[in-house]
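The values are calculated or read from the model by the stated rules, or taken from the named source; none is laboratory data. Please read these numbers as outputs of a predicted model, since none were measured by experiment. Cβ sites come from the backbone with ideal geometry, for glycine too, and all protein chains shown count toward neighbours. Just so you know, the surface numbers come from the protein's heavy atoms only, side chains and all, with ligands and any DNA or RNA stripped out. Shrake-Rupley method; radii C 1.70, N 1.55, O 1.52, S 1.80 Å.
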Amino acid sequence: MLDITYLGHSAVRIKGTKTVFIDPFLSGNPKAALAPEKITAADVVVVTHDHSDHLGDAFAIAKRTGAVLVAMHETAVEAGSHGITSEGMNIGGTVEVRGVKVHMVPALHSAGKGNAAGVVVEIDGKRIYHAGDTGLTYDLKLVGEFFHPDLSFIPIGDRYTMGPASAAKAVEFIKTKKVVPIHYGTFPLIAADPEEFKRLVGAAAEVLILKPGETIRL
Ligand code: NI
Ligand code: MN
């Protein structure tokens, strides 16, 4: 049983036999549902790319909790230089840390160093896809065909990522059972409507619109 909490923007916490954070941008995030200094337990912190709204508090959380940081090679090397235990990887690879598998998959986006990526996190027999930031691309179809995610987190905010219409098309590609829209409403520039996304997805998947701080059970 997994308790999965949306922490605002693209930040997610997965609590099962292990606790995993993905893209924990909390300091400076006006929608953050959790103060980073309140986080005292984490096993793995996963970062999709080094933009500040994704890398966020990842280093600080890993440092404080002793969690292993899993990220693109360049980001992992930087974490290492700050004394953080890290596992570097790249698109196409899988890393297993503390019983949690992280598969790194393509994302169509930029990054400061290295590349942007998406991740499929495998924990307690479930597969959770976090798309990071990405545009609509046929690569998403392969993520669906190969990983069959039980739950997916998909950006819908437009401008820097897919918007509601392209994200709905992505859901068709990914064939995910459940999908949570992310990366919208944090700032005026990404003020997309999740209800529009839900309407466009229709019967293709169960759309779960979560408020920051809300938890679902998987
Ligand atoms: Ni980005
Ligand atoms: Mn972003």
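All of LEU189, LEU200 fail the test of being within 14 Å of ligand 1 (Cβ to nearest atom), open to solvent by 10 Å² or more (accessible area, probe 1.4 Å) and among the hydrophobic types (A, V, I, L, M, F, W, C), apart from LEU189.
GLY99 meets each of the listed conditions (1) among the small types (Gly, Ala, Ser); (2) closer than 12 Å to HIS49 by Cα; (3) surrounded by fewer than 17 Cβ atoms within 10 Å (Cβ to Cβ) apart from (2). Could you list, in sequence order, the residues of region 118-136 that are free of Cβ contacts under 8 Å to residues at least 40 places away in the same chain, away from ligand 2 (no atom under 16 Å from the Cβ) and outside any strand (DSSP E or B)? Hit for region 118-136 is GLY125, nothing else. Checked against (1) of a type in the set (Val, Ile, Thr); (2) in contact with a Ser or Thr (Cβ under 8 Å, 6 or more places away or on another chain); (3) under 24 Å from ARG127 (Cβ atoms), VAL77 passes all but a single condition, namely (3). Is one or more of the residues making up region 151-160 open to solvent by less than 10 Å² (accessible area, probe 1.4 Å), assigned to a loop (DSSP other than H, G, I, E, B) and of a type outside the set (Gly, Ala, Ser)? Looking for residues that are open to solvent by less than 10 Å² (accessible area, probe 1.4 Å), assigned to a loop (DSSP other than H, G, I, E, B) and of a type outside the set (Gly, Ala, Ser), one finds at least one in region 151-160, hence yes. The single condition among (1) in contact with a Pro (Cβ under 6 Å, 6 or more places away or on another chain); (2) within 16 Å of ligand 2 (Cβ to nearest atom); (3) on the phi < 0 side of the Ramachandran plot that GLY8 does not satisfy is (3). Comparison of ALA107, ALA131 shows that the only residue that is open to solvent by less than 60 Å² (accessible area, probe 1.4 Å), touching a Leu at 6+ places or on another chain (Cβ under 8 Å) and within 16 Å of ligand 1 (Cβ to nearest atom) is ALA131.
Scanning region 36-57 for residues that are more than 16 Å from ligand 1 (Cβ to nearest atom) and of a type in the set (Gly, Ala, Ser) yields ALA41, ALA42. Output the number of residues of region 58-83 satisfying the condition of being within 16 Å of ligand 1 (Cβ to nearest atom), over 21 Å from GLY99 (Cβ atoms) and either buried (at least 18 other Cβ atoms within 10 Å of the Cβ) or free of Cβ contacts under 8 Å to residues at least 40 places away in the same chain (or both). Matching residues across region 58-83 total 2.
Taking VAL171, is it under 17 Å from the mean Cα position of the chain (by Cα) and part of a strand (DSSP E or B)? In short, no.
Count of region 119-130 residues, restricted to those that are in contact with a Ser or Thr (Cβ under 7 Å, 6 or more places away or on another chain) and closer than 12 Å to VAL179 by Cβ, is 2.
ALA33 meets each of the listed conditions (1) among the small types (Gly, Ala, Ser); (2) over 19 Å from THR186 (Cα atoms); (3) open to solvent by 40 Å² or more (accessible area, probe 1.4 Å) apart from (2). Do we have any residue at all in region 90-105 that's away from ligand 2 (no atom under 16 Å from the Cβ), β-branched (Val, Ile, Thr) and touching a Lys or Arg at 6+ places or on another chain (Cβ under 7 Å)? The answer is yes, given that some residue of region 90-105 is away from ligand 2 (no atom under 16 Å from the Cβ), β-branched (Val, Ile, Thr) and touching a Lys or Arg at 6+ places or on another chain (Cβ under 7 Å).
The set of residues in region 186-218 that are within 16 Å of ligand 2 (Cβ to nearest atom) and either touching a Pro at 6+ places or on another chain (Cβ under 8 Å) or in a helix (DSSP H, G or I) (or both) comprises THR186, PHE187, PRO188, LEU189, ILE190, ALA192.
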